[in-house]
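Enquirer: Shown below is the structure under consideration.
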Amino acid sequence: MTTADQQTWTSVDKYFDAALIGSDPVIVEVERASEKAGLPPISVSAAQGKFLHLLIRGARAQRILEVGTLGGHSAVWMARAIRSPGRIITFELDPLHAEVARAAVDQAGVGDLVEIRVGPAADGLAALVDEYPEPFDFVFIDADKASNAIYLDYAVRLGHPGTVIVVDNVVREGRVLHATDEGSEGVRRLVDMLANRNDVEAVAIQTVGERGYDGFILAVVGS
Ligand code: SAH
Ligand code: DHB
Ligand code: MG
């Protein structure tokens, strides 16, 4: 069997991005600032960012939750999609990442819509449950993969019937099948949880592109 390689996946992303996204100086600057600050190059791609953006627009979502901010790339894409009067709360463990993201969302002109909470997301999510906020319409889970099942459980608790949940990096070049690293184990625990719950329905979609071979889970909270 022949199969396309990384170079092809990257070129295909460039082809579609040129036609469907075009030049986006704000996003270019967000990525440049992250790189300059020495953050790891593990943000969503532009295509993945716009995918989240369009899911939020399509769902007419107003209250967004993110777990794993990094330099704010996905947060900017999502904040730009929010229907007024909306907000995004995003959790980040690393104070440097949070600082870079704060500057990025401010520079992108969406700072007023983004609240960055610094610290371990599991603690932050527990505190958020205690705040008893309005339910969230859309959740993007993209932090330490070992805690995916914990984050999914909070996402359902903080959501409502119809809340859309996206979990990034669930394929890991196929390592999800057998690998024993913490992340792969964490994805399998998440999948076991999803298989055994009847209050949320999910599917996994494999992806290739400039970020390699990976995939995401899309879940919707049921009634
Ligand atoms: N969503 C971002 C990428 C996130 S990368 C984007 O696409 O632009 C994963 C982030 O999760 C990193 O910044 C990392 O510091 C953060 N993280 C790791 N463990 C965490 C934890 N326990 N709580 C909160 N954030 C965590
Ligand atoms: C890693 C994390 C991510 O969220 C991602 O999209 C890619 C890689 C990582 O921790 O290596
Ligand atoms: Mg990710």
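Enquirer: How much area per residue is accessible in the chain when the probe is 1.4 Å and only protein heavy atoms are counted (Å²)?
Expert: 51
Enquirer: Where nothing but the Cβ of Lys and Arg (+1) and of Asp and Glu (-1) is charged, how large is the charge dipole of the chain around its Cα centre, in debye to the nearest 20?
Expert: Taking the Cα centre of the chain as origin, the dipole is about 520 debye.
Enquirer: Okay, next question. Ignoring ligands, DNA and RNA, what percent of the accessible area of the chain is carbon or sulfur (1.4 Å)?
Expert: 55
Enquirer: In nm, to one decimal, how far is the modelled label at residue 180 from the one at residue 11, with both set 7 Å along Cα→Cβ?
Expert: About 4.1 nm, to one decimal.
Enquirer: Going Cα to Cα from residue 14, which lysines come in below 18 Å? Please leave out same-chain ones fewer than 8 positions away.
Expert: The qualifying lysines are 50.
Enquirer: Regarding the chain, what is the average projected area of its C-alpha convex hull, in nm²?
Expert: Mean projected area of the Cα convex hull: 12.7 nm².
Enquirer: Among DSSP bridges having both ends in the chain, what percentage is antiparallel? Round to the nearest 5.
Expert: Close to 40 percent.
Enquirer: Show me 89-102, 67-80 ranked by packing, highest mean number of other Cβ atoms within 10 Å first.
Expert: Most protected by this proxy first, the peptides run 67-80, 89-102.
Enquirer: Below 15 angstrom from the Cβ of residue 182, what's the summed charge of the other residues (Lys, Arg +1; Asp, Glu -1)?
Expert: Net of charged neighbours comes to +2.
Enquirer: Explain nothing, just the number: relative contact order of the chain, from Cα pairs under 8 Å at least 6 residues apart, as a whole percent.
Expert: 18
Enquirer: Listed highest first by mean packing, meaning other Cβ atoms within 10 Å per residue, what order do 107-115, 47-55 come in?
Expert: 47-55, 107-115
Enquirer: Cα centroids of the stretch 1-52 and the stretch 186-210: how far apart, whole angstrom?
Expert: Between the Cα centres of the stretch 1-52 and the stretch 186-210 lies a distance of 24 Å.
The values are calculated or read from the model by the stated rules, or taken from the named source; none is laboratory data. What you are looking at is a predicted structure, and each value in this text was computed from that prediction instead of being measured. Reconstructed Cβ throughout: ideal geometry from the backbone, glycine too, with neighbour counts over all protein chains shown. Surface accessibility is based on the protein's heavy atoms, side chains included, excluding ligands, DNA and RNA. Shrake-Rupley method; radii C 1.70, N 1.55, O 1.52, S 1.80 Å.
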